[in-house]
Structure formats: structure tokens, C-alpha cells
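In what follows, a structure is listed as C-alpha cells, so that the remarks can point back to it.
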Amino acid sequence: MEDLKIIDNLNDIKVFTDPYRLMILKNYYEKGKSATVKQIADMMGETPAKVHYHVKKMLKAEILELEHEEIINGIIAKYYIPTAKKFEISNDNIDSEVINKLVGNNRNFAADVIDQFKSTFTKNLGNESNKGILISSKLYLNREDAEKLEEFLKELQNKHNEKDLKCEEYEFFCGMIKSI
């Protein structure tokens, strides 16, 4: 898996910025290891056929890649992983109007993720045994410190994203973006 993959052609940008495919990619990251389409579909509460259709497009755009195959009960199970830890869109050779339309999809995706967390957070506020934290502030970081914070949060999420009978489940939401 690469650290950074730059997506610089329009077809691949269209594949990457699709909100449903971003949700698939998010689930692969949450899994923290290679996974089959069925495993991801189960995490999403979707049918494997629907997820498989989008995974094929993501494979073609080199957003996901086949990591390995296993034979389980005579059936070949294919395990996929993201091709990079981070993706960056390069729009140097693409009309800005087209890019703005595609970025609108990401805004919708971000709004959906925020709404899902807000719903879970507010639903659980009335439960006395449920203590939560909500922080909203500005941080003043140099690029290196921002990257270290991002890496720390990803490692924390990857370390604790598997169900463990000895642990309680927490809903975790974090966002950070450079202000302009």
C-alpha cells in the first residue's frame, strides 16, 4: 500500500468522488485489513452484488487492489485493500467547473457522515451511563504536526476497530481540514 496516490484523470476522479464508493473505501479503512466484498457489504448492510459492482470500478481506477485469494469451501474468496493510505486529486489538466461538480459529491458524503454521527451522539445523550466528549476548536499546527496528528488518529482507529468482547463500543468521529 502506497502512502499517497494521486488521481489525475477525469474517469478515475469520477470513480473516486462517488459518495457510495467513498463509503466502501471508508469501510475498507475501518476494517483495517484486507476484506472480501461480502464482508464490506455486511458492514454496510448492503447486498454483495451492489458493492461488487462498485468495487470493480474501484479496481479499474486502482483505488482498490486484490491482496490475496483463499479457497473457502471450494469457493475462491478475493480479499481487497486500498492502494494507498491517502488519495489526492490533481486537477491540473481538468476544467475547474467539472472538478467543482465532482467535489460537490464529497460535500454530500461529508454531510452524510456528520449527520450519522450527530444522530448517534444525540440519541445517546440521555443515557446516564454514557459519557461522551464533543470538541470543536481551531488548532494552529505546522504541516508536520498536522500530519503527525492525522497519523496518530488513524493508528488509534485502526488499533481499535475490531470487536472485542472485553471492550465497550464507542462511536468515534473526527474531522480536520486546513482553513483557507
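Quick one: count up the residues across the range 1-24 that are more than 16 Å from the chain's Cα centre (by Cα) and of a type in the set (Asp, Glu).
Qualifying residue count for the region: 2.
Which residue, of 141, 102, is hydrophobic (A, V, I, L, M, F, W, C), at pLDDT 80 or above and surrounded by 11 or more Cβ atoms within 10 Å (Cβ to Cβ)? Spell out the reasoning first.
Working: 102 fails: at pLDDT 80 or above.
Of the residues listed, the single one that is hydrophobic (A, V, I, L, M, F, W, C), at pLDDT 80 or above and surrounded by 11 or more Cβ atoms within 10 Å (Cβ to Cβ) is 141.
Within the range 54-88, can you find the residues that are surrounded by fewer than 17 Cβ atoms within 10 Å (Cβ to Cβ), among the hydrophobic types (A, V, I, L, M, F, W, C) and out of contact with any Lys or Arg (no Cβ under 9 Å at 6 or more places or on another chain)?
Listed by number, the residues that qualify are 59, 71, 72, 75, 76.
Name the pairs: first residue in the range 35-61 and closer than 23 Å to residue 12 by Cβ, second residue surrounded by 15 or more Cβ atoms within 10 Å (Cβ to Cβ) and basic (Lys, Arg), Cβ to Cβ under 8 Å, at least 6 apart or on different chains?
37/78; 40/31; 54/21; 57/21; 58/21
The values are calculated or read from the model by the stated rules, or taken from the named source; none is laboratory data. Only a predicted model underlies this, so the values are computations on that prediction, with no experimental measurement involved. So basically every Cβ, Gly included, is an ideal-geometry build from the backbone, and we count neighbours across all protein chains shown.
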